[in-house]
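Quick notes on the structure that follows.
Read-outs throughout are calculated quantities, based only on the coordinates presented, and are distinct from any laboratory measurement. Source: prediction; values computed, not measured. Glycine gets a Cβ as well: all are built from the backbone with ideal geometry, and neighbour counts include every protein chain shown.
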Amino acid sequence: MERSEYRRYDPSLKVLSQLLTTFLMFLKFGISLLTLREWKKNGVRDFFSIPELELSTSALISENMALKAKFAAVTAEHGLALTTIKFFGFRIQYKRLPSSGAKETILTAIKAASDSIPLSECLAAIGLSTARFHNWLKR
């Protein structure tokens, strides 16, 4: 006698089989009557579930949007920091920029980053004062 392959089932099917009085629906899906009787006899065991799987679609979408916004902010701050380090090293305070082109590049990076994070945070991230920033804008 050949033995059939062992099959695993979703725990929610087992819970559903406990609630229903007839097994006809399950038989149509190829679940054996013996298996269904075992589920009925043994009851439902506790099983591990991931809480994120129980979230509604709207909750998942809102969480995804929040994570995308946070990622955009971190990416913008990272790009701003890289641009600043390229021209100034690690500290922008008390250093002069040699060319207006470098200032223009820094201002462009600040404007791009300020789409995702507030301007004050952009300036604080690179150590540029608001007075110096506005002075550069005027020129």
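Quick one: of K111/K138; K70/K138; K68/K138; K86/K111, which pairs are farther than 24 Å apart, Cα to Cα?
K70/K138; K68/K138
Below 13 angstrom from the Cβ of T130, what's the summed charge of the other residues (Lys, Arg +1; Asp, Glu -1)?
With Lys, Arg at +1 and Asp, Glu at -1, the net is +1.
Just to confirm a number: summing +1 for Lys and Arg and -1 for Asp and Glu over residues other than A112 whose beta-carbon lies under 14 angstrom from that of A112, what do you get?
In short, -3.
Of I106, I117, how do they rank once you tally other Cβ atoms within 10 Å and put the fewest first?
Lowest count first: I117, I106.
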